[in-house]
Amino acid sequence: MRKSFVAGNWKMNKTTTEATALVRDLLPDLHYITSVEIVLCPPFTCLHSVAELLKDTGIGLGVQNLHWEASGAFTGEISPCMAAELCQYAIIGHSERRTYFGETDETVNKKLLAALLAGLTPIVCVGETLAENEGGQTADVVRRQVKLGLAGLKAEQMRDVVIAYEPVWAIGTGRAATPEGANAVHRDVIRVVLSELFDRNTAEDVRILYGGSVTGENAGELFAQSDIDGGLVGGASLKPDFIKIVKAAG
């Protein structure tokens, strides 16, 4: 049985003061939910303060991005070993990174391998745009992203990777994919590709999250699906609604 997993991606929101206030509001309810693996991913500037608050809570901390090199002349970047000093997880290849900052399947792969080498658990994002969805290209796009993003991994490494399916057209739009539609992508595309790349047992063990307008209202129906193992939650992770979402995954 795969343990449910819910990660909150705060994106470019919250100052350090605001972040610590939010964590203090969430902790009384989240601290005692042990049936779900919970991860918070605040901006880089908030990591140290949030890490202090999460000590001994069982709640993980993640970065929203990292570079694949361990060090060097890469102004403004954060290396995997820097992230690993405070964090246990790293979001890689989020659609906003792909859309606004030129992230590619190849750079996703480099970052994934570097994150694993640093001892981080990567949360690798895949998903199609609205045009690709309406053009019937969802399976082809997601299949390509999974294959190229995971290139070079061995089955034993894959067990330390989390995948998040985030249809780009559903992120921040209020238009979540239907539970059945999202589950079909998880089951019939992502797990099938994982079986081809590795083996059936590995494919079954990997946790696949859904992201894209997840709320406290639709989380229960989404997480009840056979192959949706939790959520990568954006805007709703900045609100008390996040507690409802986590409880729905339990």
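Every read-out reported here was derived from the displayed coordinates using simple, explicitly stated rules and does not represent laboratory data. Not measured: the values here are computed from a predicted model. Using ideal geometry, Cβ is built from the backbone for each residue, glycine included, and neighbour counts are taken over all protein chains shown.
Computed from the coordinates I sent, percent of Cα pairs over 29 Å apart equals one of [x] 33; [y] 23; [z] 42. Tell me the label. Computed from the coordinates, percent of Cα pairs over 29 Å apart corresponds to [y]. Restricting the chymotrypsin sites (Phe, Trp or Tyr not before Pro) of the stretch 35-136 to loop positions (DSSP other than H, G, I, E, B) with no more than 11 neighbouring Cβ atoms within 10 Å leaves PHE74.
The label-point distance for GLU196 and TYR32, in a model that sets each label 7 Å from Cα toward Cβ, rounds to 4.7 nm. Straight-line cross-link partners of LYS110 among the aspartates and glutamates, defined as a Cα under 12 Å from its Cα and at least 8 positions apart when in the same chain: GLU69. Net charge in the neighbourhood of VAL206 (other residues with Cβ under 9 Å of its Cβ; Lys, Arg +1, Asp, Glu -1) is +1. When the chain is described by a simple charge dipole with +1 on each Lys and Arg Cβ and -1 on each Asp and Glu Cβ, the residue from ALA184, GLY234, ILE59 located farthest towards its positive end is ILE59.
Restricting the trypsin sites (Lys or Arg not before Pro) of the stretch 130-213 to loop positions (DSSP other than H, G, I, E, B) with no more than 11 neighbouring Cβ atoms within 10 Å leaves LYS154.
Straight-line cross-link reach from LYS111 at under 16 Å between alpha-carbon atoms covers these lysines, not counting any fewer than eight positions away in the same chain: LYS147, LYS154. Result for the chain in a Gaussian network model with C-alpha springs under 10 Å: among HIS67, HIS186, HIS31, the largest mean-square fluctuation is at HIS31.
Computed from label points 7 Å out along Cα-Cβ, the spacing between PHE101 and ARG187 is 3.5 nm. Here the stretch 18-36 and the stretch 135-180 have alpha carbon centers that stand 28 Å from each other.
Applying 1/(1 + (r/R0)^6) with R0 = 22 Å to the Cβ-Cβ distance of THR15 and ALA51, what FRET efficiency is obtained, to the nearest 0.05? Given R0 = 22 Å and the Cβ-Cβ separation, E is 0.85. Placing unit charges on the Cβ atoms only, positive for Lys and Arg and negative for Asp and Glu, gives the chain a dipole magnitude near 180 debye about its Cα centre.
Given only helices, namely DSSP H runs of n ≥ 4 each adding -39500 (n - 2.57), what is the per-residue ellipticity at 222 nm of the chain, to the nearest 500 deg cm²/dmol? Rounded to the nearest 500, it is -11000 deg cm²/dmol. Cross-link reach is defined here as a Cα-Cα straight distance under 29 Å, omitting same-chain residues fewer than 8 places apart; for LYS244 the lysines meeting it are LYS3, LYS11, LYS14, LYS55.
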